[in-house]
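Chemist: Here's a structure for you.
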């Protein structure tokens, strides 16, 4: 298993803080970040980072700027723009360590910020890994978070549970028609917004399922 080490680049504003799963040899890179109520230490992100690193990706799982400032609680309304700049800086930091393609991913809020950033800067990343995209708040399907979708041209893999209250599979399929870039939707049967990683209970199959789907859409460079 590739080694995991603390990572910090305090020369950037916002700074980048997290954990680096360094693959052996030349590699592609993946930035992974968390949802609104979590941090980069969630079992889901750690399991995915381990799986991707074992497959030859250098993975940076990092805390968004709002979480660096506050250990608990969701982001505030004014945090989103700075969180996106934090992701931009994380990609820049990872480019110094991984000479191949760079991908950007996140769970829920983190994934949403990644899509918004790439809609503004499509050249930033070679692809997106979006875990439980929060299509709308629970029980509020009219409040869609798709305003930027028509500008999203970065290829994206969406991983979504069939019991996610933030959007059904059918709602996701409809929303992805707004995206001009290539999209793939991976269903996780019976999973909610946590994708089967809740408390101590973890889905052993999910990391391999996500990795296989991702490398199928974004084959490693030969």
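FYI, it's all coordinate maths here, none of it is from the lab. None of these values were measured; they are calculated from a predicted model. When we count neighbours, we look across all protein chains shown, and the Cβ atoms used for this are built from the backbone with ideal geometry, even at glycine.
Chemist: For Cα pairs less than 8 Å apart in space and 6+ apart in sequence, what is the mean separation divided by the residue count of the chain, i.e. the relative contact order in percent?
Modeler: Working: 471 pairs, mean separation 36.9, N = 222.
Worked out over the chain, it gives 17 percent.
Chemist: With springs only between Cα atoms under 10 Å apart, run a GNM on the chain and tell me which of 78, 93, 56 wobbles the most.
Modeler: 78
Chemist: Of 46, 112, 70, which has the largest mean-square fluctuation in a 10 Å C-alpha GNM of the chain?
Modeler: 70
Chemist: A follow-up question, please. Along Cα→Cβ, 7 Å out, is where each label goes; now give me the distance between the ones at residue 24 and residue 76 in nm to one decimal.
Modeler: Between residue 24 and residue 76, the simple spin-label model gives 4.7 nm.
Chemist: While we're here: In cubic angstrom, how much convex hull volume per residue do the alpha carbon atoms of segment 34-103 span?
Modeler: In segment 34-103, the Cα hull volume divided by residue count equals 83 Å³.
Chemist: Can I ask one more? Report, in cubic angstrom per residue, the convex hull volume of the C-alpha atoms of segment 99-166. All intermediate terms of the calculation are to be shown ahead of the outcome.
Modeler: Values: hull volume 5.5 nm³, N = 68.
Normalising the Cα hull of segment 99-166 by residue number yields 81 Å³.
Chemist: Set the Förster radius R0 to 35 Å, insert the Cβ-Cβ distance between residue 170 and residue 11 as r into 1/(1 + (r/R0)^6), and round the FRET efficiency to 0.05.
Modeler: Computed FRET efficiency for residue 170 and residue 11 comes out at 0.15.
Chemist: In nm, give the distance between the simple-model label positions of residue 126 and residue 215, each being 7 Å from the Cα along the Cα-to-Cβ direction.
Modeler: About 1.4 nm separates the two model spin labels.
Chemist: Indicate, rounded to the nearest 5 percent, the antiparallel portion of the DSSP beta bridges found entirely in segment 4-217.
Modeler: Approximately 30 percent, going by the DSSP bridge assignments.
Chemist: Turning to a different aspect of this structure: Mean shadow of segment 1-50, computed from the convex hull of its alpha carbons, in nm²?
Modeler: 4.3
Chemist: Based only on the alpha carbon positions, what is the Kirkwood hydrodynamic radius of segment 105-215, in angstrom?
Modeler: 14.0
Chemist: Of all alpha-carbon pairs in segment 1-154, indicate the percentage at a distance above 22 angstrom.
Modeler: I get 35 percent for the Cα pairs in segment 1-154 exceeding 22 Å.
Chemist: Now a separate question. What length, rounded to one decimal in nm, is gained on full extension from residue 178 through to residue 163, with 0.36 nm per residue of separation minus their alpha-carbon distance?
Modeler: Net length gain for the segment: 3.2 nm.
Chemist: Could you check which residue among 139, 17, 182 shows the biggest mean-square fluctuation in a GNM of the chain with a 10 Å Cα cutoff?
Modeler: 139
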